[in-house]
Amino acid sequence: MDKLSRLDLVFCVDLTSSMTSFIAQARAHVRRILDALKAIPDLDLCVALSGYRDHGFPAVLEVHPFTRDVSALAKALDAAQVFSHASNVDAAEAVFAGLDAAAKLPWREGAFMVVVLVGDAPPHACGGDGGHAPDRFREKDPSGWDLDGLTNHLEAQGIFLHALAMVPSVHPHYDAALERAFRRLSISTGGTYQSARGPDAALAIVETLVQRTSVEFAFDRRVHGAIEALALDARGSSALRESLAKQLGSTEVIVSSALMRLRQRGLLPVGVE
């Protein structure tokens, strides 16, 4: 399949004990969510899991690489260990380590690269240093990342991050830091931020995010095809977005977003500004 058909999707999920209810729900429904994606015509889907806990756990990360086998990812989630550890003495978790592991996966050239981040605790070095469980790593996560650095890295890599914060969390004093960090990571990379109060609502949002990705993916293909059909002298004109919007029955704002995604994927045809 060509590059335009490639969708690489990573679920980056907190695997500590406070997330047990969400993980149980995800285990029950992830196959349905991914099967809906697989039904999209001409879609070349690869999925991966980047689970994180916290520094000091016997295993900080649990990473399962990209696969076209949806059932294999579902089995990986089934087998993922969700546990607590005595050394986990602060409210923050190794969010940055999980995202760093996701960013290091072998993303395919030209793929629509999407991360869905789900967690109920802030990353280290993001202001979660008050209350009864202050952050052990206030300046920088042991992975080497801080919020600005990692956000810029994900954006430069062309990864679109959708973030879901489970709030109120078991440590509500730190929820403001959690939401602030997740919002920064998502919106700055072209993704979206959402919050949910319980596992049922959270899973519904995850499903909506995956559906949104499929809609954007399909629309980007239409935009690319419409550009290919335009005369070369029309591709670089200031009226391009207006012309595409009319042709596709859409708006210039939506078309601009599609062009941005295609540009990040390196898939805009020659001559398109």
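Assorted remarks:
- Estimated at the nearest 10 Å², the accessible area of residue 187 is 100 Å² with a 1.4 Å probe.
- Among 104, 38, the order of accessible area from largest down is 104, 38, computed with a 1.4 Å probe on protein heavy atoms.
- Additional length obtainable on full extension of the chain from residue 67 to residue 138, 0.36 nm per residue less Cα span: 22.0 nm
- Note on the range 1-57: Rg/Rh from Cα positions, Kirkwood definition for Rh, rounded to two decimals, is 1.09.
- Computed from label points 7 Å out along Cα-Cβ, the spacing between residue 256 and residue 157 is 2.8 nm.
- Built amide H within the under 5 Å cut-off of residue 191, gap 5+: 161
- Hz values of 3J(HN,Hα) by residue in the range 41-54 - Karplus curve (6.51, -1.76, 1.60), Gly and Pro given as x: x, 6, 8, 9, 9, 10, 10, 8, 10, 10, x, 10, 10, 8
- Over the chain: helical MRE at 222 nm, DSSP H runs n ≥ 4 each giving -39500 (n - 2.57), nearest 500: -14000 deg cm²/dmol
- Rolling a 1.4 Å probe over the protein chains gives residue 193 an accessible area of about 40 Å².
- If R0 is 35 Å, the Cβ-Cβ spacing of residue 24 and residue 176 corresponds to a FRET efficiency of close to 0.80.
- Each 10 Å bin, from zero up to the one with the longest distance, holds this percent of the alpha carbon pairs of the range 127-273: 10, 30, 28, 18, 10, 3, 0.
- Euclidean distance between Cα centres, the range 1-47 to the range 242-266, Å: 26
- When only alpha carbons are used to place a centre, the range 147-163 and the range 185-214 end up 16 Å from one another.
- Per residue convex hull volume, Cα atoms of the range 1-153, in Å³: 105
- For the range 207-221, 3J(HN,Hα) computed residue by residue from phi via the Karplus equation (6.51, -1.76, 1.60; θ = phi - 60°) reads 4, 5, 5, 5, 5, 4, 4, 5, 5, 4, 4, 5, 5, 4, 5 Hz, glycine and proline entered as x.
The values are calculated or read from the model by the stated rules, or taken from the named source; none is laboratory data. Note that the coordinates shown come from a computational prediction; the quantities given were computed from them, not determined experimentally. Neighbour counts are summed over all protein chains in view; Cβ atoms, including those assigned to glycine, are modelled from backbone coordinates with ideal geometry. Surface areas here come from the heavy atoms of the whole protein model, side chains and all, with no ligands, DNA or RNA. Shrake-Rupley method; radii C 1.70, N 1.55, O 1.52, S 1.80 Å.
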